[in-house]
Amino acid sequence: MTTPPPYHPRSRGGSARGRQVSSRRVRDLILASIRNGTIDIDAQLVEEDLMIMFNSSRGSVRAALNELSETGVVIRRPRVGTRVNRRDLGVALDDISATGGELVHIQVTDQCIVPTFPLIRERLRIDDDVVRLVENSFIAHDEIIGMRSAYFSPRFNADPNDLRDKPMSMARTLAEFFGVAPGGASVSIGAERADERTARLLDVRPGETLLSREILYTTADGTPVEIVFDRFRADRIRFESQIDHSDVTWCPKPDQIPSPEESLSTNELPQESPPGATGSLAQSG
């Protein structure tokens, strides 16, 4: 029988209690470790090491690696082993810039003037009979990771090709293309199946699941300026956001605040006042 690795629960006669027995949990932990660099790109993944690292069983580790192999995150070869193949790209939740310092470029695939429709009029607060449509591809690591259909008023007549091959962010786009002060964004995230044209552009199979994102961008004074519909390869990117609640002051509900009697222990009972004392101060003279 194979000797359990050092520090593994089986080597101490332990049970599965407290261990990561779910392959889904082990997969999540391996994937997160690859994303944040705890596990390096091109690293060899040894089942025994992962069992120790995640305090898990061999079956769960093996199942997790098989799942990651199916999505291309790792490569498994018989008698060669398992190694990390790639990590996905973190993209800001409301932007097109990467969160880890990688560069994202755009390539214009189509631009035209199309008749407007109620949704665009309402969201952009415009009365134009036509609206401008620009379609872009997002490129990172020399491959297309997503695409965007952007609608905005035809009064913005700059050439989107002027932004081609430049590292992109929406702050830069709003400032340089639209000529406005960047403001906020309203974001909606979902998933959808790739149609044939989208599948061809993103180099995936028709029907494959994509991450979808709808964003309404506004200027600094809150004026809507552009509404976009994005589709990304779910095996290439993840959305990231940081939220800071440090300025929020927490106060317990009134019924959670103990009464003075409840907050006093038996060793903290108020002492009786000495004879002749008023309140907590003894009278003098």
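The values are calculated or read from the model by the stated rules, or taken from the named source; none is laboratory data. These numbers come from a predicted model, not from an experiment. No Cβ is skipped: glycine too gets one built from the backbone with ideal geometry, and neighbour counts run over all protein chains shown. Only protein heavy atoms, including side chains, enter the accessible area calculation; ligands, DNA and RNA are left aside. Shrake-Rupley method; radii C 1.70, N 1.55, O 1.52, S 1.80 Å.
One table, with the values for the structure above:
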item: Approximate spin-label separation residue 205-residue 155, in nm, with each point projected 7 Å along Cα-to-Cβ; result: 4.8 nm
item: Ranking by accessible area, most exposed first, for 169, 246 with a 1.4 Å probe; result: 246, 169
item: Separation of the residue 70 and residue 242 label points, Cα + 7 Å toward Cβ, nm; result: 3.5 nm
item: Normalised contact order of region 130-215, rounded percent, pairs of Cα under 8 Å and 6 or more residues apart; result: 21 percent
item: Contour excess over end-to-end distance, with Cα ends at residue 197 and residue 110 and 0.36 nm allotted per residue; result: 30.0 nm
item: Residue 41 - accessible surface, heavy atoms, 1.4 Å probe, Å² rounded to 10; result: 60 Å²
item: Where region 117-184 is the region considered: accessible area per residue in Å², 1.4 Å probe; result: 50 Å²
item: Accessible area of residue 203 in the full protein assembly, 1.4 Å probe (Å², nearest 10); result: 120 Å²
item: Heavy atoms of residue 245: accessible area, 1.4 Å probe, square angstrom to 10; result: 130 Å²
item: Segment residue 214-residue 58, length gained on full extension (0.36 nm per residue, minus Cα span); result: 52.0 nm
